[in-house]
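**Q** Below you'll find the structure I mean.
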Amino acid sequence: MENAEKLRVRFAPSPTGFIHVGNARTALFNWLLARQKGGIFVLRVEDTDLERSSQEYERNLIKDLHWLGLDWDEGPNTGGKFGPYRQSERLELYHQYAKQLLEADQAYYCFCPQEELERERAWALAEGRSPVYSGRCRHITLKEAQERIKAGEKAAIRLKVPEEGLVRFTDLVRGEVEFDLKLIGDPIIVRSNGMPAYNFSVVIDDALMDITHVIRGEDHISNTPRQILLYQAFGWPLPVFAHLSMVMGKDNTRLSKRHGATSVDQFRREGVLPQALCNYLSFLGWSPPEGKEVLTLEELVKLFDLSRVNRSAAIFDYEKLYWLNRQHIKLLPAEKKLTLSLPYLQEAGLAGEDITPAQSQWLSEAIELFLEGSNKFSDLPEKFLLIFDFQPESLDEESRQIISSDSARKVLKAFINKTAGVTEFNYEFFAHITGEIKKETGVKGKELYHPLRVMLTARASGLELDKFIPLLEQGAKLNFPRPIKNSLERIREFSTFLKLQEKQEA
RNA sequence: GCCCCUGUCGUCUAGCCCGGCCUAGGACAUCGCCCUUUCAAGGCGGCAACACGGGUUCGAAUCCCGUCGGGGGCGCCA
């Protein structure tokens, strides 16, 4: 039975903004299932809300999905035998099916003015009742309605819902769910402006597109009975439903800008890897059967299992996402790290548009070192400042503390003296004179190296000096748009800075 | 207000369906130690949870009922 019917799933976003991580997760789960089962993944654009939909948003949406690594077998620009895949291009279809319902007396025209409906709803709410449509227009005959419409009246179309009974369905993640029909009322299926209402167009499309599994957010669970009623009115077989829990922010409210980045687009710009984002998203409500957590898309496809999806809402944890991102960054080959890092360095003015092979080589080494412990690629420019930026006059509090002790002063002076006439500087030389200073002054360990670090970097922390010094010396020779001061230049600048300070102190 | 969904460490979760293997496992975060020429990374270790109250049972995180908490929905938005 299961192999007789090919699994068909869809992702049906409305192009009204940037794609949110919650929606991305829904898309991912659908895609994962389709790829695992050798099924079909359909992209359908729900653009019936003329006010909010736009072409540009649709392009963004497609860009985001591609970036995530998701592809689809049928969709707006891809085609497929169930098209078109943009709801605005399917209006004829909706009208045709609405007409069918009207003629079968399963739907009727409603002339109630919107303001009145709103008033009734407000009233019901105030009285503590469920706001259910009164059914006032239910008994207007089709003929009468058509005449009124001809005469210029506007009308919406409503589905006739049985007044009593239960709608029951088995949700793949939630189990048995039931709703009381008394609380449903006749839903509008076509608006008075002729556009289909959401609940109507999804059903028509899902049915016509042969969708077998409807996997979507939990916010749609209460739409499900209305949709089932429509399937029943047409005599169509029901798809399987699965409702995924919501993604929340730290304070347990719906994830929003206030919590930080929330759109796929933002994470891309920050320099989060798509495979890391997918990996993280998949862990919101699902976990692999064995402990392994750092997983590629291919591994996710293999391991994903809808029956392991849990039912409670999850809080989006940036820390864990960044941790996963670090893990995925480590997996990247060096060339890839370079190409992904470059835009950030260029934007910060640290690297030019044209890069010489020597620069490229140097950047690659530097990136390797600085990426260690970076959450995301956008952290890189800040880290590179260790090399590109040297300002002894604006030391932070910690660095000032470090160089203020007597032993620190002693070490620094000795170091400056030993480098006075020197023209060549490298790590071996540094190690050599540091050894001498250690012997002469008796200062060692942290007391010895920390002041020297501050002198060479104007910072209290950063790369290990045995890595930093070679990198700095090499980089200084490479003519970057922002010049790099080498060790000797730094030492001299720092020395004048120290003298100035001593004068002030005296 | 009404309806639906949901409730295991701070967070994501495993275990729950098919009670005993749970002195509740893992991961992130946090703390400590090790490594170390700082910080970070890495290695090792610690802290930390079955929302509450009743049942059922020899035995409950697991089954039943109730309470409380959280979320979603109640549109001519999707």
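The values are calculated or read from the model by the stated rules, or taken from the named source; none is laboratory data. Since we're looking at a predicted model, the values are computed, not measured. A quick note on method: Cβ atoms are made from the backbone with ideal geometry, for glycine too, and the neighbour counts reach across all protein chains shown.
**Q** For region A:150-192, name all the residues that are free of Cβ contacts under 8 Å to residues at least 24 places away in the same chain and near RNA strand B (Cβ under 8 Å from one of its atoms).
**A** If the condition is that a residue be free of Cβ contacts under 8 Å to residues at least 24 places away in the same chain and near RNA strand B (Cβ under 8 Å from one of its atoms), then A:175, A:176, A:178, A:180 are the ones that fit.
Each row is one residue, and each column tells you yes or no for (1) more than 16 Å from RNA strand B (Cβ to nearest atom); (2) among the aliphatic types (A, V, I, L, M).
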| site | (1), (2) |
| --- | --- |
| A:393 | yes, no |
| A:396 | no, no |
| A:437 | no, yes |
| A:447 | no, no |
| A:455 | no, yes |
| A:460 | no, yes |
| A:471 | no, yes |
| A:477 | yes, no |
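**Q** Also: Would you say residue A:204 is closer than 29 Å to residue A:76 by Cβ, among the aliphatic types (A, V, I, L, M), touching a helix residue (DSSP H, G or I) at 6+ places or on another chain (Cβ under 8 Å) and in the same structural domain as residue A:32 (by TED's automatic domain parsing)?
**A** Judged against the criteria, residue A:204 is a match.
**Q** Which residue pairs have Cβ atoms closer than 6 Å, lie 6 or more positions apart in sequence or on different chains, and pair a first residue in region A:402-419 that is over 14 Å from residue A:501 (Cα atoms) with a second residue that is crowded, with 16+ Cβ neighbours inside 10 Å and at pLDDT below 85?
**A** A:407/A:443; A:407/A:447; A:411/A:443
**Q** Given the conditions (1) assigned to a loop (DSSP other than H, G, I, E, B); (2) surrounded by fewer than 18 Cβ atoms within 10 Å (Cβ to Cβ), report the number of the one that residue A:390 does not fulfil.
**A** (2)
**Q** Go through region A:400-506 and tell me which helices (runs of 4 or more DSSP H), entirely inside it, have 2 or more residues that are polar (S, T, N, Q) and surrounded by 17 or more Cβ atoms within 10 Å (Cβ to Cβ).
**A** Where helices (runs of 4 or more DSSP H) fall fully within region A:400-506 and carry at least 2 residues being polar (S, T, N, Q) and surrounded by 17 or more Cβ atoms within 10 Å (Cβ to Cβ), they are A:487-505.
**Q** Further, regarding this structure: Is there a residue in region A:420-434 that is more than 10 Å from RNA strand B (Cβ to nearest atom), without any contact (Cβ under 8 Å) to a residue 24 or more places away in the chain and either over 29 Å from residue A:384 (Cβ atoms) or polar (S, T, N, Q) (or both)?
**A** Scanning region A:420-434 turns up at least one residue that is more than 10 Å from RNA strand B (Cβ to nearest atom), without any contact (Cβ under 8 Å) to a residue 24 or more places away in the chain and either over 29 Å from residue A:384 (Cβ atoms) or polar (S, T, N, Q) (or both).
**Q** Against the definition (of a type in the set (Lys, Arg), at pLDDT below 95 and either farther than 18 Å from residue A:20 by Cβ or outside any loop (DSSP other than H, G, I, E, B) (or both)), how does residue A:330 come out, yes or no?
**A** yes
**Q** Look through A:385, A:412 and report the one residue that is within 28 Å of residue A:362 (Cα to Cα) and either at pLDDT below 85 or among the aliphatic types (A, V, I, L, M) (or both).
**A** Going through A:385, A:412 in turn, the sole match is A:385.
**Q** Checking residue A:324 against (1) free of Cβ contacts under 8 Å to residues at least 60 places away in the same chain; (2) not assigned by TED's automatic domain parsing to the domain that holds residue A:277, only one condition comes out false. Which one?
**A** Of everything listed in (1) free of Cβ contacts under 8 Å to residues at least 60 places away in the same chain; (2) not assigned by TED's automatic domain parsing to the domain that holds residue A:277, residue A:324 misses just condition (2).
**Q** Next question. Kindly provide the set of residues from region A:348-378 that are within 13 Å of RNA strand B (Cβ to nearest atom) and within 19 Å of residue A:471 (Cα to Cα), ordered by number.
**A** Once the filter is applied, which keeps residues that are within 13 Å of RNA strand B (Cβ to nearest atom) and within 19 Å of residue A:471 (Cα to Cα), region A:348-378 yields A:368, A:369, A:370, A:371, A:372, A:373, A:374.
**Q** Spot the failing condition for residue A:41; the list is (1) aromatic (Phe, Trp, Tyr); (2) within 16 Å of RNA strand B (Cβ to nearest atom); (3) surrounded by 18 or more Cβ atoms within 10 Å (Cβ to Cβ), and only one is missed.
**A** (2)
**Q** Which one of these is assigned by TED's automatic domain parsing to the domain that holds residue A:381 and over 28 Å from residue A:365 (Cα atoms): A:424, A:464, A:440?
**A** A:440
**Q** Sticking with this structure for a sec: Any idea which of A:322, A:344 is touching a Pro at 6+ places or on another chain (Cβ under 7 Å) and hydroxyl-bearing (Ser, Thr, Tyr)?
**A** A:344
**Q** Something else about it: Would region A:253-270 turn up any residue that is in contact (Cβ under 8 Å) with a residue 12 or more places away in the chain, hydroxyl-bearing (Ser, Thr, Tyr) and in a helix (DSSP H, G or I)?
**A** No; the residues of region A:253-270 include none that is in contact (Cβ under 8 Å) with a residue 12 or more places away in the chain, hydroxyl-bearing (Ser, Thr, Tyr) and in a helix (DSSP H, G or I).
**Q** Going by the structure shown, is residue A:382 within 18 Å of residue A:460 (Cα to Cα) and touching a residue at least 40 places away in the same chain (Cβ under 8 Å)?
**A** No.
**Q** Let me ask something additional. Could you run through region A:18-59 and say how many residues are touching a residue at least 60 places away in the same chain (Cβ under 8 Å) and on the phi > 0 side of the Ramachandran plot?
**A** So the answer is 0.
**Q** For region A:10-40, name all the residues that are touching a Lys or Arg at 6+ places or on another chain (Cβ under 9 Å) and within 19 Å of residue A:307 (Cα to Cα).
**A** Those that are touching a Lys or Arg at 6+ places or on another chain (Cβ under 9 Å) and within 19 Å of residue A:307 (Cα to Cα): A:10, A:26, A:30, A:34, A:36, A:37, A:38, A:39.
**Q** Looking at region A:18-26, is at least one residue within 16 Å of the chain's Cα centre (by Cα), assigned by TED's automatic domain parsing to the domain that holds residue A:210 and in a loop (DSSP other than H, G, I, E, B)?
**A** There is at least one residue in region A:18-26 that is within 16 Å of the chain's Cα centre (by Cα), assigned by TED's automatic domain parsing to the domain that holds residue A:210 and in a loop (DSSP other than H, G, I, E, B).
**Q** Taking region A:226-246, which residues are of a type outside the set (Gly, Ala, Ser) and near RNA strand B (Cβ under 9 Å from one of its atoms)?
**A** A:226, A:243, A:246
**Q** Based on what the data block shows, is residue A:94 assigned to a helix (DSSP H, G or I) and of a type in the set (Phe, Trp, Tyr)?
**A** yes
**Q** Only one of A:170, A:212 is touching a Pro at 6+ places or on another chain (Cβ under 6 Å), outside the structural domain of residue A:287 (by TED's automatic domain parsing) and polar (S, T, N, Q). Can you tell me which?
**A** Criteria check complete, one pass: A:212.
**Q** Scan region A:71-116 residue by residue and report those that are in contact (Cβ under 8 Å) with a residue 12 or more places away in the chain, closer than 18 Å to residue A:154 by Cα and more than 38 Å from the chain's Cα centre (by Cα).
**A** A:102, A:107, A:108, A:109, A:110, A:111, A:112
**Q** Identify all residues within region A:295-320 that are near RNA strand B (Cβ under 9 Å from one of its atoms) and of a type outside the set (Phe, Trp, Tyr); write none if there are none.
**A** Those that are near RNA strand B (Cβ under 9 Å from one of its atoms) and of a type outside the set (Phe, Trp, Tyr): A:307, A:308, A:309, A:310, A:311, A:312, A:313, A:314, A:315, A:317, A:319, A:320.
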